[in-house]
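See below for the structure under consideration.
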Amino acid sequence: MTVHFKQETFRDDYTYSNSPEAIRRFPFPFDKDEYMYSVNIEQHMPGPAKSPFEFPIDIDEHYVSEMRDRAITLAQDPKRCQSLPHMITAEWDLVELLMESMAKHYPELFTLTQDGDRWRWINRPLDIDQTFTFGDASTLPYPPMEYITRQCQGDFALLDQRLDNLWMDAGMITSQADWSLDFDIGMNFLEWHAPVPLAKDMAIFERALKFLLNLQQGRPVRRLNWTMTINPRLDTSPENYDKWGADRATVTPENVGRKVHLRVELQAMWRLPRSNAIVFSIRGYLINMDELVTVPKWARRFHRVLRELRPELAEYKGLTRYRQTTIDWLAKHDDGAPTSPGFQPD
Amino acid sequence: MNTDVMDSRPTYGGLRLDPRAKSHLVVVDGDGAPAVLDAFAGAEDELNRTTILCAHEDVAAGGLERLCALRAARLQLSGSSEDLLTEFERVLDGADMSVRIYVAGRESFIGKVVASAALRGVVPDSVVAERRGGVSRRVQCVHCKHIDEGVTASPYRCSGCGQHLLVRDHFSRRLAAFQGVRIDAEIPGEVPPAMELAS
Ligand code: HEM
């Protein structure tokens, strides 16, 4: 499989866009015409060829540009990547998981050679050839988690398991939906989820936590989450909300198609072998409304989902200011015809 | 359960003596003294195994004499609330694992004691705490990371970057602080009047 990597930006002039193939494989998150929180966890099984679920770690046409954007964000704010000292074993677990998966499923792009603890990692798109000793952080130019996540799409959190809870004790978070690793590091599952409305009363977090505490090695799980972003911006952090917040007030009927994006997170969770920690990957996908409505079923369905969305969720996701303008725009692409069940385009 | 309270914001059950503890380490701030008196008065045996730490200037009027009258095994005074925290850390470093920690006073002070104990391996929920005194919060600006002590209204002006910040209920035990987020980011200049924090 060959991937053509686009040169594009996620800030300033915002040249990001999706190819027709990328639109086709977009992980549209709604399997019906309405949305509410649920414990939507399933096995992270290989999905259809070319879909974002085909492989455990999905590398796509935006890879090189996303990694460049991450480097810019980290240069401006190194605290987007943090790890408490006891997480070092989990960091190495993550190096192994990502390198093995990337090399196995994208052999033209990545090669991993293991000779005991002596490893050689070749990353062709980023022009990296690194020999190092697994377990010896001094043989890598960055700490292990930072090293590998500067080369892998998606944000990552490492969760330590103790006292019947999960603790967010490390992470690389540069493209988050408005939450701060620097603030949340050290929190447990219920604490970092505290700002989420309604879910607590539905016992969603209690049930999800119980499930994850029993997560087995070799049996990863996944779920989809979504929000919306104005402009194809990856760094929608609270740290910089004073800079990007104003974008939410710039949406007009004329620019909805270009500016308003559906942002989907493919979240996967693996139990790690040495540390017994869990890695939580948050792989984000952005699609603007012009692109979305090229799939008629998605246009109809997203219009209905957005129209019926509970106000608490709209407020929490930060959609309130441009929600109605977007619904009105999408209405022109919804003829009222029934939609088929499931996520797939018709 | 009160669903208005975020799960990240600890709730403090009130000072209750733990008779199973081998020793007791009590830290008192501001209006916290009466809570200690309520919990410890008359508990002679326990007081023989109790250390009380407080700061001269911070314990509200009359509190100090009454703490003295308790006749705990040790009563130690610090000059300021900062020194008190350092003293607490020193005593804790020398204590064995079976010590029970109690703290009474302002929420922002409790937060700091719990955070510093956590760094020393103490499980936050094992600290017995009671909130006394007025409503004021320690808030970290999420943008410039400056921490303001004693914030009593929202929005307030960050003394680090000067932006007007909404005080969220989201609380970090590690930082012992609430989170402040620019309130007029979407429409610059649109700052609602400040309201006293109710809790
Ligand atoms: C263990 C790994 C997980 C991590 C590290 C994680 C982290 C987060 C964070 C940081 C937020 C944002 C909270 C804020 O506003 O500050 C969030 C939101 C949320 N999480 Fe999780 N989460 C995890 C697993 C789960 C699971 C298994 C569920 C299953 C139901 C879940 C459900 C949600 C929901 C519903 C939201 C609100 C999202 C929205 O409306 O946009 N999370 N999560």
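Over every pair of different alpha-carbon atoms in the range A:20-288, take the mean of 1/r and invert it; report that Kirkwood radius in Å.
By the Kirkwood definition, the hydrodynamic radius is 19.5 Å.
Roughly speaking, what is the stretch gain from A:LYS332 to A:PHE211, that is 0.36 nm per residue apart minus the C-alpha to C-alpha distance, in nm to one decimal?
Taking A:LYS332 through A:PHE211 to full extension adds about 39.4 nm, to one decimal.
How large is the translational diffusion coefficient of the protein assembly as shown in µm² per second when you combine the Kirkwood radius over alpha carbon pairs with Stokes-Einstein at 4 °C and 1.567 mPa s?
50 µm²/s
Counting protein heavy atoms only and a 1.4 angstrom probe, how many square angstrom of accessible surface do chains B and A bury in total, to the nearest 100?
Its buried surface, counting both partners, is about 2300 Å².
With a 4.7 Å Cβ cut-off, tell me which Cys residues in the protein assembly as shown come up empty for a partner.
Taking the Cβ cut-off of 4.7 Å, the unpaired cysteines of the protein assembly as shown are A:CYS81, A:CYS152, B:CYS54, B:CYS68.
Using a 1.4 Å probe, what is the accessible area per residue for the protein assembly as shown, in Å²?
Normalised by residue count, the accessible surface of the protein assembly as shown is 44 Å².
Given only helices, namely DSSP H runs of n ≥ 4 each adding -39500 (n - 2.57), what is the per-residue ellipticity at 222 nm of chain B, to the nearest 500 deg cm²/dmol?
Result for chain B: -6500 deg cm²/dmol, rounded to the nearest 500.
Equivalent ellipsoid semi-axes for the range A:62-112, as square roots of 5 times the alpha carbon gyration tensor eigenvalues: give them largest first, rounded to whole Å.
Taking √(5λ) for each Cα gyration eigenvalue gives 23, 20, 5 Å.
Taking accessible area as the heavy-atom solvent-accessible surface of the protein chains with a 1.4 Å probe, which residues of the range B:122-151 lose no less than 50 Å² upon going from the isolated chain to the full protein assembly?
Buried by 50 Å² or more upon assembly, which counts only protein chains, are B:HIS143, B:LYS145.
List the trypsin sites (Lys or Arg not before Pro) in the range A:236-334 that DSSP assigns to loop (not H, G, I, E or B) and whose Cβ has at most 14 other Cβ atoms within 10 Å. Which are they?
A:ARG274, A:LYS332
Within the range A:96-186, which GluC sites (Glu not before Pro) sit in a loop by DSSP and count at most 14 neighbouring Cβ atoms inside 10 Å?
For GluC sites (Glu not before Pro) across the range A:96-186 that sit outside H, G, I, E and B with at most 14 neighbouring Cβ atoms in 10 Å, the list reads A:GLU108.
Run the helix sum for chain A: -39,500 (n - 2.57) per DSSP H stretch of 4+ residues, divided by residue count, reported at 222 nm to the nearest 500 deg cm²/dmol.
-8000 deg cm²/dmol
I'd like the orientation of helix A:320-331 relative to chain A: the angle between its Cα long axis and the longest Cα principal axis, in ° from 0 to 90, rounded to 10.
So the helix axis and the longest Cα principal axis differ by about 60 degrees.
Under 19 Å Cα-Cα from A:LYS104, which aspartates and glutamates qualify once same-chain neighbours fewer than 8 residues away are excluded?
Counting by Cα, and skipping residues close in sequence, A:LYS104 has these aspartates and glutamates nearby: A:GLU54, A:ASP58, A:ASP60, A:GLU61, A:ASP93, A:GLU96, A:ASP115, A:ASP117, A:ASP127, A:ASP129.
Assuming R0 = 30 Å, can you tell me the calculated FRET efficiency for the pair B:ALA194 and B:THR11, based on Cβ-Cβ distance, to the nearest 0.05?
E between B:ALA194 and B:THR11, to the nearest 0.05, is 0.70.
When we measure straight from the Cα of A:LYS297, which lysines land under 30 angstrom away, once same-chain ones fewer than 8 places off are left out?
Reachable lysines: A:LYS6, A:LYS32, A:LYS50, A:LYS259, A:LYS317, A:LYS332.
Can you return the lysines within cross-link range of A:LYS79? Criterion is Cα-Cα under 19 Å, with same-chain partners fewer than 8 residues away left out.
Candidates past the 8-residue exclusion: A:LYS243, B:LYS145.
Before anything else, pin down the relative contact order of the range B:50-199: Cα pairs under 8 Å, at least 6 apart, normalised by residue count, whole percent.
It rounds to 17 percent for the range B:50-199.
The values are calculated or read from the model by the stated rules, or taken from the named source; none is laboratory data. Just so you know, these numbers come straight off a predicted model, no measurement behind them. Reconstructed Cβ throughout: ideal geometry from the backbone, glycine too, with neighbour counts over all protein chains shown. What goes into the accessible areas is simple: the full protein's heavy atoms, side chains included, and nothing from ligands, DNA or RNA. Shrake-Rupley method; radii C 1.70, N 1.55, O 1.52, S 1.80 Å.
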